Amino acid sequence: MQRIVDNALAISKESVKAVTYESLNNIARCINGVSALLLTLLPGKANILEGLHGWELRPTLRGPRLPRWMHNGVSSFNHFIHELSVDSDTSSLEYSSGEDSDGALPPSPSSQCSRLSWASASAKSESHWFDWITFILWWLILPLRILLWIPQYFLRLLFKRTSRTPTSPRRNQPRPRLSKTNSSKDHDVPNRATDRRRGVVEDLHLAIEICIEAIFDFFHRATHLLLSPSEAFAIVLSWFSSPSCRRKEKHDHVSDDETVQTATLGDTDPSVTERPTRLYNTMNTDTRTCQDVITELGYPYEAIRVVTSDGYVLLLERIPRRDARKAVYLQHGILDSSMGWVSNGVVGSPAFAAYDQGYDVFLGNFRGLVSRDHVNKNISSKEYWRYSINEHGTEDIPAMIEKIHEIKTSELKLSQPNTDEEINEEEPYKLCAVCHSLGGAAILMYVITRKIKEKPHRLSRLILLSPAGFHEDSNLGFTLVEYIFLFVSPVLARIVPAFYIPTRFFRMLLNKLARDFHNYPALGGLVQTLMSYVVGGDSSNWVGVLGLPHYNMNDMPAVSFRVAQHLAQIKHTGKFRMFDYGSRRANMEVYGSPEPLDLGESYRFIDVPVDLVAGKKDKVIRPSMVRKHYKVMRDAGVDVSFNEFEYAHLDFTFSHREELLTYVMSRLLLVEPTSVEQRQNSQKGMKLKKKKKEGTVV
């Protein structure tokens, strides 16, 4: 009778799970179909959807498919849970090349500190005005939170059970170490987001599966007790027994279990057990940092803490080559971080390309992004976000470049102490800057203001990829935002200190939706098209960027209100100038003049070569605006070059563009070596000639 009931419950359970899965799958297909229909009705989608191809860190050509646990044609929940546990245990150790590795590089203490400081500081810097909005939204999305919490709870219970069971380990097999090999460099960044991260639809399916399993498990236990009165009577009797008796019975039961396991698994060593299985990330999102990407590919990594003069703590990341006399400083743009320079892996990332060419690579991060920290731990959110592009150019970049100068001079003195006289004459290294979008405007502001203050800027060349600064030639959407900021900013600035997603839950939800956009191409194409319309039809892969690691639940870029207001001022006036504080008196206190400093009219202070690169498909910063930089610089006597590529705005950092890397490296090689390096090269040449002469005489 018990066997009949078990078979009936098993069949019913599998039937219910199959029906719920197909129902949820049909709903998702319906949404994808409606999205496809809407996509066909939208005009101009062909050019916009160009960026959709290859948006993942490791592109894969595949369509919608069944989950991995359905590949055998059997809806086995136990197989699904077993695969999930294996995936979560090994997800942090896999390469995109498919090589198995049980060992990984230990995280550096500096990176751990930066994560902790970000987590603590971000909580402090979040605006209190979000509290009532979060409270309302919390109740509106309560059912979704419950569905996302259920699988997390049951999976923890399940993994606790499975981790207690000893398994047979592989004997006499050393664990391979992560190292920088040629095989790893032939692949892109190992992407957990591609194969491991679940979307909202997959989470809903998982929650339903676990709920069904729990319900049928309850009925199975209930029927088992009804058909076994003696066992039910023993359970009821145990409720009224003393605690000491229950502990004794439990101890005897555990001893019996251990004896059975020893007899059954006699071919294994009972003294050696496998480490407990753990979840890599309970919410299954891609939370890698720039350090994770760099070290997983076998490159060295160093995190440097930089404090600005106004108290902001920045994270300067480095791929160190300590004896190199040539260094490159990479600065990201708006809503980006240092991750943008390494997200394409070894094949298409400027940071790795420069390092492989012998450069000491430094990756800068503006304030308010990776490290939302401040020396004043009690700083309010309103005070923290009170900065514009001015602070990026006059506080952030000077602090980071001075730190680079301090590090390089000290390291080169230690590595070659006999060159002290030459070091006193000039810089012992050459530093070039490669900047994108907002980073280009900030680096220009930095060079000009440092020359006005008669301070060294330490730079030898600037390579600016679609730099900001001039924006009068833009689309209607940006024009509407411009007037909104100009007329509403006095009121809005008091309410909205910055634009960012305030809670980890909403950041996690956005990260999972990005995975759904990939699983359902029509839905992703519709979102991509709508987002592209907002920025004037730019064909950049906007949806793909949301799937990158630095858009996750722990670390998502933000924009200060004043930065957005500053861009609106630049667009409205048609001039590349510093922030206007709104009154002649305030400007007099800051600049010593009633009007902000016009940077476009100060290009004559730029005393280093500048290479400007524009994208012909760029609708955010149009080629005409980059060409305006070129004309103003050329009229001011700057050594400037101009080039165009068939790129959209985000293609400069988030796409595999070999021709761009070739161009950037060719411009970096134009920088002449230092006199110390020239003397060393000449000495090496003399020694080689001397050896050749001696060889010919002999």
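What follows draws every value from the coordinates through simple rules; no lab data is involved. Bear in mind that the values here come from a model prediction, so they are computed numbers and not experimental data. As a convention, Cβ positions derive from the backbone with ideal geometry for all residues, glycine included, and neighbour counts pool all protein chains shown.
Key figures
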item	result
Order by protection proxy (mean Cβ within 10 Å, highest first), peptides 442-452, 379-389	442-452, 379-389
Inter-label distance, nm, simple model (7 Å from Cα along the C-beta direction), ASP356/ASP639	2.9
When segment 539-639 is reduced to its Cα atoms, the Kirkwood hydrodynamic radius in Å	16.5
Residues LEU237 and MET1, FRET efficiency given R0 of 22 Å [Cβ-Cβ distance, rounded to 0.05]	0.40
Förster radius 45 Å - calculated FRET efficiency between GLU646 and ASN25 (Cβ-Cβ, nearest 0.05)	0.70
Shape category assigned to segment 459-562 from the gyration tensor of Cα positions, a/c cut at 1.5	rounded
For segment 197-224 versus segment 347-417, the gap between their alpha-carbon centres in whole angstrom	48
